[in-house]
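The values are calculated or read from the model by the stated rules, or taken from the named source; none is laboratory data. No experiment lies behind these values; they were computed from the predicted model shown. Please note: Cβ atoms are built from the backbone with ideal geometry, for glycine as well, and neighbour counts cover all protein chains shown. These area figures cover heavy atoms from the full protein model, side chains too; ligands, DNA and RNA do not enter into them. Shrake-Rupley method; radii C 1.70, N 1.55, O 1.52, S 1.80 Å.
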Amino acid sequence: MDVEQRTERPRAADELATLAGFLEFQRDTLALKCAGLTGEQLRRKAVPPSELSLLGLVRHLAEVERGWFRNVIAGDGVRLRWGTGSPRVSGFGVEDADVEEAFAVWREECASSRAILASAESLDVTGVHRTGRVFSLRYVLTHMIEEYARHNGHADLLRECIDGVTGE
């Protein structure tokens, strides 16, 4: 993937299309940051003392997609794939992680999230978090953009340390 292949962010659209477009752009940015690297490079914890790796970010964001869209908005109650129960640390351990599996799961969770979003009546749809708090789809979309943007910043630093590649 190159910079031009990322989803175009809407410049004049309704709230749903704008939020969905920005989330897609962030997803594409993560894919771009990981493109062309070997499994060893994707697993590398390149910014000591941090335990973060690009593959760990992919696995973590798959869990975050799963948690917010499938569990909170859709109410599916599915378990985390790699986690210990806390989405804050889920997926980051990558020593024995299968790269193809991680990307396949992430793509599946993104597709599931898109389907849930497409079927929602409005951004006012709500769901219940495991803590019992209620969240709107509007909040979830905004939070997901925030989550990806924050981790894409980490991905920028990791990628630069791995092979010197910089940029959007």
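Could you please find all residues in segment 92-119 being touching a residue at least 12 places away in the same chain (Cβ under 8 Å) and among the aliphatic types (A, V, I, L, M)?
VAL94, ALA97, VAL99, ALA102, VAL105, ILE116, LEU117 - these are the residues of segment 92-119 that are touching a residue at least 12 places away in the same chain (Cβ under 8 Å) and among the aliphatic types (A, V, I, L, M).
Name every residue in segment 93-116 that is more than 15 Å from the chain's Cα centre (by Cα), assigned to a helix (DSSP H, G or I) and aliphatic (A, V, I, L, M), in order of residue number.
VAL99, ALA115, ILE116 - these are the residues of segment 93-116 that are more than 15 Å from the chain's Cα centre (by Cα), assigned to a helix (DSSP H, G or I) and aliphatic (A, V, I, L, M).
Those residues that are free of Cβ contacts under 8 Å to residues at least 12 places away in the same chain and either in contact with a Gly (Cβ under 7 Å, 6 or more places away or on another chain) or outside any loop (DSSP other than H, G, I, E, B) (or both), I need them from segment 28-66; list them, please.
GLU40, the sole residue that qualifies.
Do we have any residue at all in segment 77-92 that's modelled with pLDDT of 90 or more, open to solvent by 10 Å² or more (accessible area, probe 1.4 Å) and aliphatic (A, V, I, L, M)?
yes
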